[in-house]
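**Student:** First the structure, which I've put down as structure tokens, then a few questions once you've had a look.
Where a number appears in this text, it was derived from the coordinates with a stated rule and is not lab data. Bear in mind the structure is a predicted one, so any value in this text is a computation, not a measurement. Note that each Cβ is placed from the backbone with ideal geometry, even for glycine, and that neighbours are counted across all protein chains shown.
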Amino acid sequence: MIILKNIHKVYDDDFQALKNINLEFQKGEISVLIGPSGCGKSTTMKLINRLIAPSSGSVLINGQDVKGIDPVQLRRSIGYVIQSIGLFPHMTIGRNVAVVPRLNKWDTARINRRVDELLGLVGLPPEVYRERYPSELSGGQQQRIGVIRALAADPDVILMDEPFSALDPISREQLQDELVRLQQELHKTIIFVTHDMDEAIKIADTIVLMKDGEVVQTGKPEAILRHPANDFVRSFIGQKRLQAESMNEIPLVDEVMVTRPVTALPKRGLAEAITVMERRRVDSLFIVDRDNRLQGIVSIYRVLDQYGEENKTVSDVMQPVLYSVRTGTPLPAAVELLSRHQLSNLAVVDENNRLAGLITRGSVVRHLADGYLQEAAESPVEEV
């Protein structure tokens, strides 16, 4: 949809604001440009509607270089929302929303329908708000008008330059929710600039993290939280968010399993098996071959039942392992198997059926307890 190719921006004082920016903004997504002050995020966004011209490189919209588009027509075809809202104080809300459709010479009936539709879309009844003036609205309501004004001519692309940063936290969160809801209905291509990582994580389909005029990392919020590219990204995300992501991450059986389960070779005698189980305080043995491939399982009860047969080995009395999970299986799936079949343990095997470990009810409880204790240790304690 929108492609920035080999973009450089150097000002007259030789300050290099952008250094070889190569980005692709996908159609129908919210792409968030984020980074510290002066990193080049707003400059990058303003390249798209030619408010800033690159020193070199190309900006393409649907394959067309914006340099070949009349800047006035280009800006009328792209919605634009800014931090200061920019409503015209002498115009009613209805006329503010209708600015671009009027410039595009829509007929009056179509404009009125569009204004009423958009006011309703953001929960501002047109019969109440259409004839009011900006000074009669709260900051959050004014910003809603700023958003729908950018939508008025039904543009494919909308640029939003820190639109919610001047609002109080409650209004800001409400507008973030509103934007996500609107996007689910409208599927616009939105380029959103912010310096707030929480905001980016909440609204973005894709995050572009910038520093000193360069792109440091691009990806889905989940991917950036799980795999920050370097120390700068980790620092910008913040340790608390990384810890929260770690807490929310679903553990795999590999993290929870007992890694040295009690095993026996198939030719081990029954008396030997009993001795091993007594010493290791278990009531069953997994039977493996010399390559550690799982052959079966034998319980203390089956060994005792056949104990009088001196020539028998554990391979003679073992049973097949009916339930096992592969390495890399999410822990909830293993717990569900334990519960559904009332199992005391569950073998974890690799792709070659080699025994990798053992999930037990005790190992699950220990994992949960360790997580709780770590969280409690890191939480501040109030003295009373």
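**Student:** Convex hull over the Cα atoms of the chain, averaged projected area in nm²?
**Tutor:** Working: hull surface 120.5 nm².
For the Cα atoms of the chain, the hull's average projected area reads 30.1 nm².
**Student:** What is the list of residues in the range 33-58 whose amide nitrogen lies under 11 Å from a point 7 angstrom out from the Cα of Val10, following Cα to Cβ?
**Tutor:** Inside the label zone: 55-56.
**Student:** Stokes-Einstein at 25 °C, 0.890 mPa s, Kirkwood radius from Cα pairs: D for the range 183-230 in µm² s⁻¹?
**Tutor:** In µm²/s, the coefficient is 210.
**Student:** Within the chain, what's the longest run with no GluC sites (Glu not before Pro) in a DSSP loop and at most 11 other beta-carbon atoms within 10 Å? Give the range, please. Each step should come with its number before you reach the end.
**Tutor:** Values: sites that count: Glu309, Glu310, Glu351, Glu382, Glu383.
With GluC sites (Glu not before Pro) excluded where exposed in loops, the chain gives 1-308 as its longest stretch.
**Student:** So, one more: For every helix of n ≥ 4 consecutive DSSP H residues, a contribution of -39,500 (n - 2.57) applies; sum these over the chain, divide by its total residues, and give [θ] at 222 nm rounded to the nearest 500 deg cm²/dmol.
**Tutor:** So the calculated ellipticity at 222 nm is -11000 deg cm²/dmol.
**Student:** Something else: In the range 1-150, what is the count of Lys pairs whose alpha carbons are under 16 Å apart, counting only pairs at least 8 residues apart or on separate chains?
**Tutor:** Number of lysine pairs found: 11.
**Student:** Going Cα to Cα from Lys202, which aspartates and glutamates come in below 14 Å? Please leave out same-chain ones fewer than 8 positions away.
**Tutor:** Straight-distance partners of Lys202: Glu29, Glu173, Asp177, Glu178, Glu222, Glu245.
**Student:** Using only Cα atoms, figure out Rg for the range 124-195 and give it as a multiple of 2.2 N^0.38 Å. Present the calculation step by step, with values, prior to reporting the outcome.
**Tutor:** Numbers: Rg = 12.5 Å, N = 72, 2.2 N^0.38 = 11.2 Å.
So the range 124-195 has a normalised radius of gyration of 1.11.
**Student:** Testing the spin-label approximation: label points 7 Å from Cα along Cα→Cβ at Ser135 and Leu60. State their distance in nm.
**Tutor:** My value for the distance between the label points is 5.0 nm.
**Student:** Checking the cross-link filter: which lysines have an alpha carbon closer than 16 Å to that of Lys267, excluding same-chain neighbours under 8 positions apart?
**Tutor:** Within reach: Lys312.
**Student:** Using 5 Å bins from zero, what percent of all Cα-Cα pairs in the range 84-178 falls into each bin?
**Tutor:** Cα pair-distance distribution for the range 84-178, in percent: 2, 14, 26, 25, 20, 9, 2, 0.
**Student:** Quantify how much of the Cα-Cα distance distribution of the range 254-368 extends past 21 Å, in percent.
**Tutor:** I get 36 percent for the Cα pairs in the range 254-368 exceeding 21 Å.
**Student:** Please grab the % of Cα pairs in the range 48-119 that end up more than 17 Å from each other. Could you put the intermediate results ahead of the total?
**Tutor:** Working: 1432 of 2556 pairs.
Here the long-distance tail beyond 17 Å is 56 percent of all Cα pairs in the range 48-119.
**Student:** Please give the helix 169-186 orientation as an angle from the longest Cα principal axis of the chain, in degrees from 0 to 90, rounded to the nearest 10.
**Tutor:** 90 degrees
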